[in-house]
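This report refers to the structure that appears directly beneath it.
Here, each number is a calculation from the coordinates, and none is a lab measurement. Keep in mind that what you see is a predicted model, and the values were worked out from it rather than measured. Note that we place each Cβ from the backbone using ideal geometry, even for glycine, and neighbour counts take in every protein chain shown.
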Amino acid sequence: MNNSISPSNTSYTAIVTGACSGLGHATMATLIQANWHVVMLDMNDTLASERIAEYGSDKCSFLKADVTNENEIEAVVQQAFSQHDDIRLCVNCAGIAPAKRILNREGEAMPLGDFAKTININLIGTFNVSRVVASYFAKNSVSGDDSERGVIINTASVAGYEGQIGQTAYAASKGGIIGLCLPMARDLAPLGIRVNTIAPGVMGTPMLLGMPEKVQDALAANVQFPKRLGLPEEFAKLVLHIFDNKYLNGETIRLDGGLRMPPK
């Protein structure tokens, strides 16, 4: 699939990483419904083709890039901004969620590469996209009474606060994203760029819904209210609210139904 982008006829354009599935897909669908054009940054050509067939090339487009690759991200973000006049939002949803204990049953240590891969994709990938997008947001014309130029929304997890057994790498990566939020917002505030983070709890993404029902029920049992898995659309609605609410800045918002994760 080529990296061409169709011109947008909507009022705003958003860049969404990991947009082909999970929370990224829900975000894309909600933004499109709200009359946005979405540029999908993803690695999955097949799913991207399906999304374009589903929503139409006037509503979404695809750029293939690895979020951890400095040169690829710089190239595709430059391409996106050169072909769209009003990119105002970047939502970083790309990530992985492996589970592995530091020591296995035989007492063998987790390979360092496994830990590094999770940090590289989830944390460094988020920063990589954010830093490049911010450099283009800074060139945007100001919008509204507050002279805003753009909004970056990153995706953490409640695991960044309460990582479970087997989540050392994942929890560390998401805790890093939480720690990144305020200083990034402070760095970019003089340029009229806001930065916020969403820390979802157990969400009903296709990956989780593919687990046995008893596993889903056990996860939902720790949610206070409503006692169920979170809906990906609820994540997406919060994305839109953060964009619309100009006074939200430098904040990590838990979206978890009052969940506090037990050790396992």
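In the chain, what is the count of Lys pairs whose alpha carbons are under 17 Å apart, counting only pairs at least 8 residues apart or on separate chains?
Counting lysine pairs in the chain gives 7.
Protection proxy ranking for 83-91, 15-23, 113-121, using the average of other Cβ atoms within 10 Å per residue and placing the highest first: 15-23, 83-91, 113-121.
Working from Cα positions, state the angle (0 to 90°, nearest 10) between the long axis of helix 168-188 and the longest principal axis of the chain. Around 30 degrees separate the two axes.
When the Gaussian network model of the chain links Cα atoms closer than 10 Å, the mean-square fluctuations of GLU106, GLU74, GLU234 top out at GLU106.
DSSP beta bridges confined to the chain are antiparallel in about 5 percent of cases. Annotation: the antiparallel percentage among DSSP beta bridges lying fully within region 28-155 is about 20. Between the labelled values [x] 45; [y] 29; [z] 36, the entry that holds percent of Cα pairs over 29 Å apart as derived from this structure is [y].
Size estimate for region 72-173 follows the Kirkwood approach: the inverse of mean 1/r over distinct Cα pairs works out to 15.7 Å. Compare ALA138, ALA65, ALA221 in a GNM of the chain, Cα atoms joined below 10 Å, and give the one with the largest fluctuation. Among ALA138, ALA65, ALA221, the largest mean-square fluctuation in the Gaussian network model of the chain belongs to ALA221.
Remark: region 228-235, residue by residue, has Karplus-estimated 3J(HN,Hα) of 6, 6, x, 8, x, 5, 5, 4 Hz, where x stands for each Gly or Pro and the curve is 6.51 cos²θ - 1.76 cosθ + 1.60 at θ = phi - 60°. Which value results for Rg/Rh of region 176-234 when Rg is the Cα radius of gyration and Rh the Kirkwood radius based on the inverse mean 1/r? Using Cα coordinates only, the ratio equals 1.18.
Comparing mean-square fluctuations of TYR12, TYR170, TYR247 from a GNM of the chain with C-alpha springs under 10 Å, the top value falls on TYR247. Taking the square roots of five times each eigenvalue of the Cα gyration tensor of region 127-217, the equivalent ellipsoid has semi-axes of 33, 15, 10 Å, listed largest first.
The Cβ shell under 14 Å around MET110 holds other residues with a net charge of +1, Lys and Arg each +1, Asp and Glu each -1. By the helix-only formula, in which each DSSP H run with n ≥ 4 contributes -39500 (n - 2.57) and the sum is divided by residues, the chain has a 222 nm mean residue ellipticity of -12000 deg cm²/dmol. The value given for region 110-264 is a Kirkwood hydrodynamic radius of 16.7 Å, derived from the mean inverse Cα-Cα separation.
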